[in-house]
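Quick notes on the structure that follows.
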Amino acid sequence: DVKSSGRHGYRFYDERMDVDVAHDLMIRTDILEALTTGQLFLVYQPIVNLKTGGTEGAEALIRWNHPKKGLMNPASFIPLLEKSELIVPLTLWVLRQACYDLKHALLPLKPDFKLSVNVSGKATEDEMVRHEVTELMQRYEIPLNCLHVELTETSLMENLGTCTRTLQAWNDAGADIWVDDFGTGYSSLNYLHQLPINGLKIDRSFVEGMDDPASLRIVETIINLASALHLEIVAEGIETAEQHETLKRLGSHCGQGYLFSRPIPLEEFKARLVAEVERANETS
Ligand code: C2E
Ligand code: MG
Ligand code: MG
Ligand code: MG
């Protein structure tokens, strides 16, 4: 309306926008300090074999313990950092921390542990980011296919040029490439064979809606598509035993979700993995 947009199309700030602008500014000015003072940390959510219930690996998810704002989820700062070069130092931090944890905490417990890391498509433009994955794979002697890099379908499509080059380099270095939130982005499937892609993550929204026949058929179709293209599948956001059963029946090998575990701190995740390995040894 005229009041809020002004006669010449100017927009006047209302209180809500002030809050947004202040928040955005705070994020941008605080992130570099946060990176060097231990305010950022990774939590780990198990990725489970749906048939055996065993842990195949985990997804690393970032958290920010901000001195004034408290604990923040990635949704309140990642999209903002993606709009500027600040996504680069954050991406480097995540890759380094995740690979360090993989090498020193996770692979020693399970030699074929698969760790998934989220990377913004925008960050693939950066030369340092491009080199970092190869560098870390070599420095930590990470086995082939144990580091998984996830990019959302949307961010892949928006950065197709740089993604093609960077993902090829990462794949050559022995990392696997996964499409995150599959089914929520553009509908062109052409990129699936243009890029070196190893797996698809079925978006939580489809899993959540599976009691609706249309959503169920979409999930079924994604699983069949993956199988036809020799891609692996992980279903996201499994919260109920029914969803677990259905996905297993449809042929999804792996899944993650609150049914199995929320994302948890590294120490807690390690304890869980140790207990699982011990149980397996007892029964064998
Ligand atoms: P994502 O990669 O699709 O991660 C899955 C999100 O779903 C996580 O939210 C996870 O906590 C949540 N989730 C897992 N299981 C369930 C479930 O059963 N029910 C429900 N309701 N939610 C579940 P989170 O940790 O808030 O992360 C949100 C998004 O932020 C991620 O979505 C990813 O796109 C992005 N992100 C997280 N960490 C990083 C990072 O280190 N770098 C970048 N670039 N993006 C990140
Ligand atoms: Mg992800
Ligand atoms: Mg996802
Ligand atoms: Mg998602």
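The values are calculated or read from the model by the stated rules, or taken from the named source; none is laboratory data. Please read all numbers here as calculations on a predicted model, not as lab measurements. Cβ coordinates were reconstructed from backbone atoms using ideal geometry, including for glycine residues, and neighbour counts include every protein chain displayed. SASA here: full protein model, heavy atoms, side chains in, ligands and nucleic acids out. Shrake-Rupley method; radii C 1.70, N 1.55, O 1.52, S 1.80 Å.
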Only helices counted: for the chain, with every DSSP H run of 4 or more residues adding -39500 (n - 2.57) and the sum spread over all residues, [θ] at 222 nm is -14000 deg cm²/dmol
Once amide hydrogens are built 1.01 Å from N within the peptide plane, the residues lying 5 or more places from G57 or on another chain with amide H under 5 Å from its amide H are I47, K114
With a 22 Å threshold on alpha-carbon distance, the violating pairs from K51/K114; K68/K122; K103/K270; K201/K270 are K68/K122; K201/K270
For 243-250, 94-101, ranked highest to lowest by mean beta-carbon neighbours within 10 Å, the order is 94-101, 243-250
Expressed in nanometres to one decimal, the distance between label points 7 Å along Cα→Cβ at L189 and L259 is 2.5 nm
Helix 266-283 sits off the longest principal axis of the Cα atoms of the chain, rounded to the nearest 10 on a 0 to 90 degree scale, by 10 degrees
Result for the chain: accessible area per residue, probe 1.4 angstrom, in square angstrom, of 52 Å²
In whole Hz, the Karplus estimates of ³J(HN,Hα) for the stretch 28-41 (6.51, -1.76, 1.60; θ = phi - 60°; x where Gly or Pro) are 5, 7, 8, 5, 5, 5, 4, 5, 9, 10, x, 7, 9, 8
Here FRET efficiency (C-beta to C-beta, E267 to T29, R₀ 25 Å, nearest 0.05) is 0.20
Carbon and sulfur atoms account, in whole percent of the 1.4 Å probe accessible area of the chain, for 53 percent
Stretched fully, the stretch from K51 through R63 gains (0.36 nm per residue minus C-alpha distance, one decimal, in nm) 1.3 nm
Phi-derived 3J(HN,Hα) across the stretch 104-110 with the Karplus relation (6.51, -1.76, 1.60, θ = phi - 60°), rounded Hz, x for Gly and Pro, is 8, 10, 9, 4, x, 8, 8
For the stretch 188-274, averaging the sequence separation of alpha carbon pairs under 8 Å that lie six or more residues apart and dividing by its residue count, the contact order in percent is 27 percent
